[in-house]
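Asks: Encoded as structure tokens, here's the structure I'll be asking about.
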Amino acid sequence: MTDIIVAPATAPGRAALAVVRLSGPGTAALVQALAGALPLPRRASLRRLSHCNAALDQGLVLWMPGPASYTGEDMAELQLHGGPGVVGIVLEAAFALGARLAEPGEFTRRAFANGKLDLTQAEAVADLVEAETAAQARQALDQLGGALSRRYEAWRATLVEILAFLEAAIDFPDEDLPADVAAQAGPAIDGLLAQLDAALNDAMRGRRVREGLRVALIGAPNAGKSSLLNALVGRRASIVAAAPGTTRDVIEQPMVLAGYQVLLADTAGLRESEEEIEAEGVRRARAWAEEADLRVLVVDGSADDHAWVEARLEARPGDLCLINKSDLSEGDDARAADGWAAIVGLDVLRSAVGRSGADPVRAWLEARTIGLMAGSDFPSATRLRHQERLSDARDRLMSASAALQVGAELAAEDVRLAARALERVAGKVAADEVLGLVFSSFCIGK
Ligand SMILES: Nc1nc2c(ncn2[C@@H]2O[C@H](COP(=O)(O)OP(=O)(O)O)[C@@H](O)[C@H]2O)c(=O)[nH]1
Ligand SMILES: [Mg+2]
């Protein structure tokens, strides 16, 4: 990599400061051309920047020679005045002096290529930049510190030990009966399998923190789903009307609950419909509800037309059954829904969200969110990519456990593949395709 890359590291627009970063061999000469003699390494130095005898700006210059820099290459950071004009002319000067604009994530990609970060840490950099809540930021920071890589490395080290044992059995077949190999490697494999199973069960937690918990509001038309969404987010995001079938599209609203990112979705009322647009809305509602982490089944407690029974098919144990319109006299549906929810394992709340707001529902959602998101350990996956490799490793290990009965050689191959699946998470040697996926989500300048 011989190019000098340059990019603003701060968001465009007017601000007190803008930071422009440079990386690559040749950065020293470029900085000297712009700002005179190089400042001492890693010491801020106030300089006048100029190019072709034209003044560009006055600001702090930081010189960070490689390999002790973020990318591992020679780097510089220019702290400029934050207007787009200043940033523009400084970039133009850098281009004229041989730099080119960095691609999204290219600084971090160079850091990865130079062994400064592994793949999970590079992902954490992107997550930190994207983090909206404190919980997201905390998780990303732990991941940047290596929390995720360390866990996978520990599992991999166990696999390597098992492999060494199996290979010894292969190399010295006379001294080891297959039964002995099975007796000794078996418990080690099973112990690790139990750990990977637990990790897989817990894998959704990290992804939920990073991506946001998905909560679907479902129910029959006119039950009060849109009223509930509006009460929860504190504004009229969704149309509330007495006419059934008003909401057709899925209306998604991000919000923060108990410090965690949550995506709420108001959906079309679930009923059979001949009308094409409404029927499509119902399909989308079901699909969203199916994928969601939690559902709130809203029932019109004043009704006795059994309209709610269609929607209850989407509900699952652990969801909430909200019996709404408790300001009106109770109909048969309220009692029926209450009895059904108790049997299926849904919590029940009675409320009038259209009249007295959604505080009880909010409190329920907060408690459930904390239950699903909080945990004392770092989660074993924060992206689908990690979860998939974990699942690969588990499958390989299951197969190794079975193969032990047949012979050490077969089992050893499975253990090797399991180790490789785990290695791919930290990805010190990652395929270009994976790298492309990871780094394409970055912003320029990171
Ligand atoms: N009496 C009463 N009416 C409500 C309550 N919540 C919603 N409504 C009314 O029920 C109708 C349907 O509400 P809406 O939120 O659009 O229901 P959706 O079809 O499930 O989205 C509207 O006329 C609301 O004003 C409530 O708690 N009590
Ligand atoms: Mg609605």
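Asks: Residues being touching a residue at least 40 places away in the same chain (Cβ under 8 Å) and either out of contact with any Cys (no Cβ under 8 Å at 6 or more places or on another chain) or among the β-branched types (Val, Ile, Thr) (or both): count how many of those fall in region 344-366.
Replies: Here the count works out to 10.
Asks: Please return the ranges of strands (runs of 3 or more DSSP E) entirely within region 16-118 where 1 or more residues are under 35 Å from the mean Cα position of the chain (by Cα).
Replies: 17-23, 54-64, 75-81, 99-101
Asks: Contact list please: Cβ distance under 7 Å, first residue in region 235-251 and open to solvent by 90 Å² or more (accessible area, probe 1.4 Å), second residue β-branched (Val, Ile, Thr) and within 11 Å of ligand 1 (Cβ to nearest atom), pairs at least six apart or on different chains.
Replies: Final answer for the pair search is ILE239/THR246; ILE239/THR247.
Rundown of residues vs (1) touching an Asp or Glu at 6+ places or on another chain (Cβ under 9 Å); (2) surrounded by 15 or more Cβ atoms within 10 Å (Cβ to Cβ), yes/no style:
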residue: LEU313; (1), (2): no, no
residue: SER329; (1), (2): no, no
residue: VAL353; (1), (2): no, yes
residue: LEU365; (1), (2): no, yes
residue: GLY375; (1), (2): yes, no
residue: ARG396; (1), (2): yes, yes
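Asks: Give the number of residues within region 77-86 that are open to solvent by 10 Å² or more (accessible area, probe 1.4 Å) and more than 19 Å from ASN53 (Cα to Cα).
Replies: Selection size over region 77-86: 5.
Asks: Can you run down the residue pairs with Cβ atoms below 6 Å, 6 or more apart or on separate chains, where the first is in region 255-279 and within 18 Å of GLU310 (Cα to Cα) and the partner is more than 15 Å from ligand 1 (Cβ to nearest atom)?
Replies: Pairs that qualify, where the first residue is within 18 Å of GLU310 (Cα to Cα) and the partner is more than 15 Å from ligand 1 (Cβ to nearest atom), are SER273/ALA279.
Listed here are the residues, each with its yes/no results for (1) without any contact (Cβ under 8 Å) to a residue 40 or more places away in the chain; (2) under 26 Å from VAL129 (Cβ atoms); (3) among the charged types (D, E, K, R); (4) crowded, with 17+ Cβ neighbours inside 10 Å.
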{"residue": "ARG14", "(1), (2), (3), (4)": "no, yes, yes, no"}
{"residue": "LEU46", "(1), (2), (3), (4)": "yes, no, no, no"}
{"residue": "LEU49", "(1), (2), (3), (4)": "no, no, no, yes"}
{"residue": "LEU56", "(1), (2), (3), (4)": "yes, no, no, yes"}
{"residue": "MET75", "(1), (2), (3), (4)": "no, yes, no, yes"}
{"residue": "GLY88", "(1), (2), (3), (4)": "yes, yes, no, no"}
{"residue": "PHE95", "(1), (2), (3), (4)": "no, yes, no, no"}
{"residue": "LEU101", "(1), (2), (3), (4)": "no, yes, no, no"}
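Asks: Answer with yes or no whether PRO360 is touching a Ser or Thr at 6+ places or on another chain (Cβ under 7 Å) and either under 11 Å from ALA203 (Cα atoms) or not aliphatic (A, V, I, L, M) (or both).
Replies: Yes.
Asks: Out of the residues in region 262-276 that are touching an Asp or Glu at 6+ places or on another chain (Cβ under 7 Å) and open to solvent by 30 Å² or more (accessible area, probe 1.4 Å), which is farthest from ligand 2 (Cβ to nearest atom)?
Replies: Looking at residues that are touching an Asp or Glu at 6+ places or on another chain (Cβ under 7 Å) and open to solvent by 30 Å² or more (accessible area, probe 1.4 Å), I get LEU263.
The values are calculated or read from the model by the stated rules, or taken from the named source; none is laboratory data. None of these values were measured; they are calculated from a predicted model. Quick reminder, even Gly has a Cβ in these numbers, built from the backbone with ideal geometry, and neighbours come from all protein chains shown. Note: areas computed on protein heavy atoms with side chains; ligands, DNA, RNA excluded. Shrake-Rupley method; radii C 1.70, N 1.55, O 1.52, S 1.80 Å.
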